[in-house]
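Written below as structure tokens is the structure these notes are about.
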Amino acid sequence: MAATMIRVRVKPNSRESSLAQVSDGTWLALVKSPPIEGRANRELVELVAEHFGCAKRSVSIKSGTSGRLKLVCVDKGG
């Protein structure tokens, strides 16, 4: 039940959705959704869950919900 914390920079309104690790250890998430009414955050949770092979309920945004730089927790155990 190891939880992993990752730092993610989000770029909303992108042409395509993707998640990739950058050389400095942070992650870059390109999401199609606009940052309105939490849509970009929901798409980010889906992207992270898909990438790490876990359920969406196992991914949570710990800080930065209203900014572009977010701290995301991935609970691989549940």
Cβ pairs under 6 Å, 6+ apart, first in the range 36-57 and more than 20 Å from R7 (Cβ to Cβ), second surrounded by 17 or more Cβ atoms within 10 Å (Cβ to Cβ): R39/S33
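Confirm whether R57 is part of a loop (DSSP other than H, G, I, E, B), among the basic types (K, R) and either out of contact with any Pro (no Cβ under 9 Å at 6 or more places or on another chain) or surrounded by 12 or more Cβ atoms within 10 Å (Cβ to Cβ) (or both). So that I can check it myself, show each step before the final result.
Numbers: part of a loop (DSSP other than H, G, I, E, B): no; among the basic types (K, R): yes; either out of contact with any Pro (no Cβ under 9 Å at 6 or more places or on another chain) or surrounded by 12 or more Cβ atoms within 10 Å (Cβ to Cβ) (or both): yes.
When the stated conditions are applied, R57 does not pass them.
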Residue tally, condition of a type in the set (G, A, S) and either out of contact with any helix residue (DSSP H, G or I) (no Cβ under 8 Å at 6 or more places or on another chain) or surrounded by fewer than 11 Cβ atoms within 10 Å (Cβ to Cβ) (or both), over the range 1-54: 9
Candidate set from the range 60-78 (those that are in contact (Cβ under 8 Å) with a residue 60 or more places away in the chain and under 14 Å from V8 (Cα atoms)); member that is surrounded by the fewest Cβ atoms within 10 Å (Cβ to Cβ): L69
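Readers should treat all values here as calculations from the given coordinates under stated rules, not as data from a laboratory. Worth saying up front: this structure is predicted, and the values here are computed from it rather than measured. All Cβ positions, even for glycine, are placed from backbone atoms using ideal geometry, and neighbour counts span all protein chains on display.
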